[in-house]
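Accompanying notes for the structure given below.
The values are calculated or read from the model by the stated rules, or taken from the named source; none is laboratory data. Only a predicted model underlies this, so the values are computations on that prediction, with no experimental measurement involved. We place every Cβ from the backbone using ideal geometry, glycine too, and count neighbours over all the protein chains shown. Side chains are part of the model used for accessible areas, which takes the heavy atoms of the whole protein and leaves out ligands, DNA and RNA. Shrake-Rupley method; radii C 1.70, N 1.55, O 1.52, S 1.80 Å.
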Amino acid sequence: RLELRLPREEELAALAQLAADGVHRPDERPFLTPWTDGSGEDRARSVLQGHWGRLAEWSVTAWSLGLAVFSDGRPLGMVTLRARDFAVVREVTTSSWLGIAHHGKGYGTEARIALLSLAFDHLDARAVLTEVFQDNHASQGVSRKLGYEADGISVDARDGEALVSDRLRLTRQKWAQRERLAVKVGGLVACRPMFGI
């Protein structure tokens, strides 16, 4: 049902508005990003700056690919694949957000599968990692359903408080064993040198 790709400028504006309208309920804090702090305009600006910053700072040794998630041409959110020294390490980290109106419909799982297919089947990653707050049950559920396994914890500071996240890892071997949706990837051949491969 989904298409993942770099957003055009007018689509980026729609994504920014989607974030401005909310990424999660105001009484939740499922991400390190303070999505409920500040105004809707602040959230929209953060999406724009994040997108342009990722592109501006791209290098073969440290890259971050932010792809907009679309369904029937309308933006639902963003997923990100990032790596350092990928040519040597062959590990990537994922993150994502969806507009609150699109939660609970399976889009997050489908978008993650597409991102994992890109990482494993097309970029030749050895492992994909993600970090999830222990009380972010939706994201924990998606990760476990897709075969991620515990890989320790990480601790971050937020508003003067130490917060623990589960670090989860999915290996190429586990990915290869899973039955999954078919994913079509286009346009990657010309871009491979930008990923260091």
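Quick test for you: out of R178, R172, R144, pick the one residue that is surrounded by 12 or more Cβ atoms within 10 Å (Cβ to Cβ), charged (D, E, K, R) and farther than 21 Å from Y107 by Cβ.
R172
Which of (1) on the phi > 0 side of the Ramachandran plot; (2) in contact with a Lys or Arg (Cβ under 8 Å, 6 or more places away or on another chain) does T109 not meet, given it meets every other one?
Going through the list (1) on the phi > 0 side of the Ramachandran plot; (2) in contact with a Lys or Arg (Cβ under 8 Å, 6 or more places away or on another chain), T109 breaks only (1).
List every residue pair whose Cβ atoms sit under 8 Å apart, with the two residues 6 or more apart in sequence or on different chains, where the first one lies in region 160-176 and is within 13 Å of S117 (Cα to Cα) and at pLDDT 85 or above and the second, anywhere, is part of a helix (DSSP H, G or I) and not aliphatic (A, V, I, L, M).
L170/S143; R172/F120; W175/F120; A176/F120
Tell me the residue from S154, S139 that is polar (S, T, N, Q), modelled with pLDDT under 90 and crowded, with 18+ Cβ neighbours inside 10 Å, please.
S139
Take the residues in region 94-113 that are touching an Asp or Glu at 6+ places or on another chain (Cβ under 9 Å) and surrounded by fewer than 20 Cβ atoms within 10 Å (Cβ to Cβ); name whichever of them is modelled with the highest pLDDT.
Within region 94-113, the match that is modelled with the highest pLDDT is S95.
May I ask you to list the residues in region 80-93 that are open to solvent by 50 Å² or more (accessible area, probe 1.4 Å) and either among the hydroxyl-bearing types (S, T, Y) or within 16 Å of the chain's Cα centre (by Cα) (or both)?
R82, R84, E91
Would you list the helices (runs of 4 or more DSSP H) that sit entirely within region 104-197 and hold 1 or more residues that are touching a Gly at 6+ places or on another chain (Cβ under 6 Å) and either under 19 Å from T80 (Cα atoms) or of a type in the set (V, I, T) (or both)?
137-145
Among the numbered criteria (1) surrounded by 16 or more Cβ atoms within 10 Å (Cβ to Cβ); (2) in contact with a strand residue (DSSP E or B) (Cβ under 9 Å, 6 or more places away or on another chain), which single criterion is violated by E149?
(1)
Among the residues of region 36-51, are any at pLDDT 85 or above, open to solvent by 50 Å² or more (accessible area, probe 1.4 Å) and touching a Gly at 6+ places or on another chain (Cβ under 8 Å)?
For region 36-51, residues at pLDDT 85 or above, open to solvent by 50 Å² or more (accessible area, probe 1.4 Å) and touching a Gly at 6+ places or on another chain (Cβ under 8 Å): absent.
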